[in-house]
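Heads up, the thing below is written out as structure tokens.
The values are calculated or read from the model by the stated rules, or taken from the named source; none is laboratory data. If you're wondering where the values come from, they're calculated on a predicted model, not measured in any experiment. All Cβ positions, glycine included, derive from the backbone under ideal geometry; neighbour counts span all protein chains shown. Areas reflect the complete protein model, heavy atoms only, side chains present, ligands, DNA and RNA absent. Shrake-Rupley method; radii C 1.70, N 1.55, O 1.52, S 1.80 Å.
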Amino acid sequence: MPSGKKINDETTTTATTTKKKKQKVSRSTTDLRKKSKRKHYSKLPSSSKHQRTNHHDYEDEDGTTSDFTATLTGKIFYYQSQLAYMISQIARALPHPVHTHTLEHRHIFSTASLVLLVLVCVFSLSLISTSFEYYDIPSYLRVSLMSKVREEYQNAYQDSLGFFTDITNEEWKLMKDRVKNQPKHNDVKKGLRSKYLDRNDARTWYQNNWNPDFTCPHELRVGGTGDGPKWVCDPHRIVEYYQNHPSNNENDGCLIYSVDNHILKSGNPFSFELAIQGIVGVGLQNCEIHVFDPHYNKDDHMEYTNANNEIPKGIILHPWGIEGTKDRSKGRTNYMTLSETVEHLNHEHRIIDIFKMDCEECEWNAYSDWFSSKVEMRQILIELHGTPKNDVDFFESMKDNNYVIFHKEADTQYGGIWQEYGFLKLAPEFFENR
């Protein structure tokens, strides 16, 4: 065989072998990519791999979204890895700091450092931003995913009827235990049925009975100091509640009742109402504030306005007080029961966020109608005057209707015979063992 032909055959054989090796490597790489892609897409639900229109496609048998969460996490990790790669390439391209003696190097180093800093910030925020902004995730899935994060706050949220959103289950358990275990009466020192002792001495009776058993994390005195202002349980949560529970009905917003006597002749009229309006008015455009005063009349109004005063905007003043069914037989035209008031103002089946009452002893005959008036009163802020015979029934009724005491304050100006109380309504489940 001629030597030239032998050389050509060897060259052809070598080229063919090299080509086969390249094809083998290419096939191996392709198989690896396909295997990786299959592994990635295996995390997706079995129906459609790209578009989802039925939320059940994302759920496991137990109703969770673990498959979708795993897929979303995989996508997030992919884009984060791409960012990390870009950052590493920029970092490698940076000139060494000791070589920045030339003007060109200084410009490159400064510019690249700035770009690197921006990318680091993007990388840090990518876990959240790519989760909900980059991907077109349906709103119901956002709620489902976020609910997993909020599980540690679920007990407080449910037991408070949506009022508390940031108290952990562990903290809430401690608060439940306190309400359950704290004695209502001083039976240890006074003996059994001590609640019936000292009934003619209001200061002593209140010292030994019905003390606060609940704490609001951000309780606030609204309206300043002195007589008239009240302690309110976390008033900022009123705004949060309606922001988290929007309604298409404009009449379903914030609602406040304030029952008073001679409000126009008080030393600081509307101090509480204006202060609470300033708090809830920041986040809520529509918060109704109704003031009830049985002594409000045209003469008082003229005297008030002639002194360059006016009823504050956004506050509705009604010329009647709130009485109980027991007093309805008196036939007073300047009083209505709470049920009559709610029906007259078309507030049935609404939440009264704050029910404030200071009506000089009318509370003892009025409270029995509160819980059958087709409204739910979330907070009751009340000044109690003396200790009449049914004061025990009053507190027991508050307890039976799922109210806790978050505030108690003696009116020291009158020697403690009057007491300011703050009550907060919770769900029945709060008082059950769980």
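Quick one: net charge of Cys233's neighbours, Cβ under 12 Å, K/R +1, D/E -1? Can you show the working numbers first?
Numbers: positive: Arg221, Lys230, Arg237, Arg378, Lys425; negative: Glu219, Asp234, Asp353.
The answer is +2.
Accessible area of segment 216-431 with a 1.4 Å probe: how many percent of it is carbon plus sulfur? Write out the running numbers ahead of the final one.
Working: 4500 of 9740 Å².
Whole-percent figure for carbon plus sulfur exposure: 46.
Where only protein heavy atoms count, and the probe is 1.4 Å, what is the accessible area per residue for segment 234-361 in Å²?
On the way: 6520 Å² over 128 residues.
Dividing the accessible area of segment 234-361 by its residue count gives 51 Å².
Just to verify a number: what accessible area does Lys265 come out at with the full protein assembly present, 1.4 Å probe, Å² rounded to tens?
For Lys265, the solvent-accessible surface is approximately 130 Å².
Give the residue from Met336, Cys362, Ile352 lying farthest towards the positive end of the charge dipole for segment 323-365; charges sit on Cβ (+1 for Lys and Arg, -1 for Asp and Glu) and the dipole is referred to the Cα centre.
Of Met336, Cys362, Ile352, it is Met336.
Counting DSSP beta bridges in segment 216-431, what percent are antiparallel, to the nearest 5? Before the final figure, lay out each step's value.
Details: 17 of 40 bridges.
Roughly 45 percent of the DSSP beta bridges within segment 216-431 come out antiparallel.
Return the distance in nm (one decimal) between the two label points of a simple spin-label model at Glu396 and Asn249, each offset 7 Å from Cα along Cα→Cβ.
3.6
Give, as a single signed number, the net charge of other residues whose beta carbon lies under 14 Å from the beta carbon of Thr337, with Lys and Arg counted +1 and Asp and Glu -1. Display every interim value, and only then the final one.
Numbers: positive: Lys326, Arg328, Lys330, Arg332, Lys374; negative: Glu323, Asp327, Glu340, Glu343, Glu348, Glu363, Asp369.
Neighbourhood net charge equals -2.
With a 1.4 Å probe and every protein chain left in place, tell me how much accessible area Leu114 has, in Å² to the nearest 10.
Approximately 110 Å² of Leu114 is accessible to the 1.4 Å probe.
Please list Asp260, Asp234, Asp252 in order of solvent-accessible area, largest first, computed with a 1.4 Å probe with all protein chains present.
Details: Asp260 30, Asp234 0, Asp252 70 Å².
The ranking, largest first, comes out as Asp252, Asp260, Asp234.
Mean separation of Cα pairs under 8 Å and 6+ residues apart, divided by the residue count of segment 216-431: what relative contact order is that in percent? Intermediate results must be reported in sequence, preceding the final value.
Working: 379 pairs, mean separation 37.9, N = 216.
Relative contact order of segment 216-431: 18 percent.
Where Lys and Arg each count +1 and Asp and Glu each count -1, what net charge lies around Arg178 among other residues with Cβ under 13 Å from its Cβ? Write out the running numbers ahead of the final one.
Numbers: positive: Lys173, Lys176, Lys180, Lys184; negative: Glu171, Asp177, Asp213.
Local net charge: +1.
Please list Leu264, Leu384 in order of solvent-accessible area, largest first, computed with a 1.4 Å probe with all protein chains present.
Numbers: Leu264 20, Leu384 0 Å².
In descending accessible area the options line up as Leu264, Leu384.
Could you pull out the pairs from Lys265/Lys330; Lys180/Lys408; Lys265/Lys389; Lys265/Lys374; Lys184/Lys374 whose alpha carbons sit more than 23 Å apart here?
Lys265/Lys330; Lys265/Lys389; Lys265/Lys374; Lys184/Lys374
Got a sec? What order do Arg193, Arg328 fall in by accessible area at 1.4 Å, biggest, i.e. largest, first?
Working: Arg193 155, Arg328 115 Å².
Largest accessible area first, the list is Arg193, Arg328.
Report for segment 314-434 the percent antiparallel among DSSP-assigned beta bridges with both residues inside it, nearest 5. Show your work: numbers first, answer last.
Numbers: 14 of 23 bridges.
Looking only at bridges with both residues in segment 314-434, the antiparallel portion is about 60 percent.
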